[in-house]
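Undergrad: Below: one structure in structure tokens.
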Amino acid sequence: LVVISLLAIFFVKPNLGIDLTGWVQLEYRCTACSVDTVKTAAQKVQEGMTLSGVNVINDIIVYEVTGQNAIVVEAWFSKTHTEEAAIETQKTQFKDTLSSSLSIAWGGYTLPRHVNIGESFGDYIKNSAYITLILAILAISLYIQYAFRGSIAGMASWPFAVVTGASLIHDVIIAVGLYIIISHFFPEYKIDTFSLTAVLTVLWYSINDTIVVMDRIRSNLHE
């Protein structure tokens, strides 16, 4: 499982969610707004935006804001297909093309909200998750090394720390690798902040189980 998971992590293209890729949010307001009209227009724009034969937009969500005559469009752009500078151009093209199409369909509208999130935001989230995972594994390993000092006469406590770190690492690797494989075959399972939180939760429960097991081992050694 570890080998399969490592291969998936390094060689399978991740199916990233909105949190980890560049995305744009547009809010249209008009008296004759129609969700179906926006969905149809957005899908046509999405189909026409490709680079090297690959669609630049991962997914599009269209929903209505109740009581405000407003319709929100969220388009997720994949950074794996091109550079960030080109993605920004694609975002502008998406907004201009969709707005032009809706202007013809509705005869007029306002665009009070236009949010553009760059890919650097997703990189910040991923880097924060990596740092958290590494620090958590190092911290619990050092704790085990401290707790096991002197448990066996003439034996250092660092092997216990190494075993602890290895057990926690393979839990995380397997969880991440298998989820990447699943998300590759089932697009609805995206890698986003929720999946990263789930990995941290796996690590948290693994730490708790490791502490319990190590405490039992220490007790048996003292006996």
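The values are calculated or read from the model by the stated rules, or taken from the named source; none is laboratory data. All values derive from a computational prediction rather than experimental measurement. Positions of Cβ are backbone-derived with ideal geometry, glycine not excepted, and every protein chain shown enters the neighbour counts. Ligands, DNA and RNA are stripped out before the accessible areas are found, and what is left, the full protein with its side chains, is counted by its heavy atoms. Shrake-Rupley method; radii C 1.70, N 1.55, O 1.52, S 1.80 Å.
Undergrad: Taking the chain as the reference, fit the longest principal axis to its C-alpha atoms, fit the long axis of helix 84-106 to the helix C-alpha atoms, and give the angle between the two in degrees, 0 to 90, nearest 10.
TA: Tilt relative to the chain: about 40 degrees.
Undergrad: Considering only Thr193, Thr132, Thr31, give the residue with the highest GNM mean-square fluctuation for the chain, with springs between Cα atoms whenever their separation is below 10 Å.
TA: Ranking Thr193, Thr132, Thr31 by mean-square fluctuation puts Thr31 first.
Undergrad: Something else about it: Can you send over the carbon and sulfur percentage of the accessible area for region 122-210, probe radius 1.4 Å, protein chains only?
TA: 74
Undergrad: Apply 1/(1 + (r/R0)^6) to the Cβ-Cβ distance of Thr110 and Asn55, taking R0 = 30 Å, and write down the FRET efficiency to the nearest 0.05.
TA: My answer for the efficiency is 0.55.
Undergrad: Quick check: residue separation of Arg216 and Phe186 times 0.36 nm, minus the Cα distance between them. What number comes out in nm?
TA: So the chain would gain 6.7 nm between Arg216 and Phe186.
Undergrad: Quick check: convex hull over the Cα atoms of region 99-160, volume per residue in Å³, rounded to an integer?
TA: 118
Undergrad: With r defined as the distance between the Cβ atoms of Tyr130 and Ile152 and R0 fixed at 35 Å, what FRET efficiency is calculated, to the nearest 0.05?
TA: 0.55
Undergrad: Compute the accessible area per residue over the chain, keeping the other protein chains in place, probe 1.4 Å, unit Å².
TA: Result: 56 Å² per residue.
Undergrad: For the chain, find the longest principal axis of its Cα atoms and tell me its angle to the long axis of helix 193-222, 0 to 90°, nearest 10.
TA: In the chain, helix 193-222 runs at an angle near 10 degrees to the longest axis.
Undergrad: With every protein chain kept in the model, how would you rank Trp76, Trp204 by accessible area, 1.4 Å probe, largest at the top?
TA: So, going from the largest accessible area down, we get Trp204, Trp76.
Undergrad: Taking only Cα atoms of the chain, what ratio of Rg to Rh do you get with Rh as the Kirkwood inverse-distance radius?
TA: 1.18
Undergrad: Still on this model: What FRET efficiency would be calculated for the residue pair Ser100, Thr66, taking the C-beta separation as r and a Förster radius of 30 Å, to the nearest 0.05?
TA: 0.65
Undergrad: So what's the angle, to the nearest 10 degrees on a 0 to 90 scale, between helix 158-185 and the longest Cα principal axis of the chain?
TA: Computed tilt is about 30 degrees.
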